[in-house]
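None of the figures in this text is laboratory data; all of them are computed from the coordinates on show. Remember, it's a predicted structure, so these values are computed and weren't measured experimentally. Here the Cβ positions follow ideal geometry from the backbone for every residue, glycine too, while neighbour counts run over all protein chains shown.
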Amino acid sequence: MTGPSAADLRRWRGHLADERAEAAVYRDLATRRTGEEREILLALAQAEGRHAAHWEALLGDQVGAPRRGDIRFRGLAWLARHFGSVFVLALAQRAEARARYEVDVDATPTMVADERIHEEVVRALATRGRLQLSGTFRAAVFGANDGLVSNLALVIGVAAAGVSQATVLLTGLAGLLAGALSMGAGEFISVRSQRELLAATSPSPSAAHALPHLDVAANELTLVYRARGMDPDEAQRRADEVLEDIALLGPDSRAFHADIVVDDHEAVGTDVGAALSSFSFFASGAAIPVLPYLLGLQGTTALVVAMAAVGLALMLTGAVVGLISGGPPLRRALRQLAIGAGAAAVTYGLGTVFGASSL
């Protein structure tokens, strides 16, 4: 019987290094968490340790010197030690999603299944952080992207019409201020209205207090669950369970609220936070196409520098969205760039067509 080939040994050592690096990521993340979340991360680290043991057993006395894991896992380990944020969990989710064991004949079916489940565990851990970010983060990304695209389109459209540099600069600054104020006010009204709508869907506290006094035979509670979308039989079963729970625990029972309260306030964010975030990020994005003119650049040079700077900023915002959402960062970055370039091209063309002499 022949032993493993050199290629097999290299592949096994690579898997071993990656599993050790992944385990280190989860242990580092666990140091920044408490309670159940910490226990889950440590359990993930133990699972990666079991996978590492599989490759160690295959290698036997040919394990060799410890190798560094894939650059992705080394980067994750550094981020986990220094930040431990939702960004790290999102990156870990992507790393788990790219697990290579499905096509590796030396990986056990259990290991393949583990990696798929690990992705879902990390996704669940990252969900709360995404919800906490989503309201303000949505406003920030939308504000920055809108500031970049709209003010670049405004600046190059006016510049293409052949107006003076002072007019281009004044137009850009006016667009920055007007847009930032409009975005901030719009986000405040939007989020405030959404939170008020969500509050209107929450059950009244008096409804929970009335539950112990319901007519058990009639059980009006079934109507609540049917109104929430359950079929009659399911609503009857759940209502009976809630009333039994109330009979045992009395007013301390939270079964009713746990079932029908849909609290998305955290995902929506705060109105003030969304407004400030949108204002600040729109202003930051809108300032970028104006900077070349503030620095004294003129003509084509200023336009090229503005477009290049905005392009880089658009790709950065797209990549960040991709990282947090667990999607491919490069694809998101290129999508943002394509949208911005399209808007800029349209306004530049319109400005060239009309020209200063037509104004």
Ranked list, fewest to most other Cβ atoms within 10 Å of each Cβ, for Y101, Y293, Y26: Y101, Y293, Y26
Extension gain (nm, one decimal) between S193 and I117, 0.36 nm per residue minus Cα-Cα: 23.5 nm
Neighbour-count order for F282, F142, fewest beta carbons within 10 angstrom listed first: F142, F282
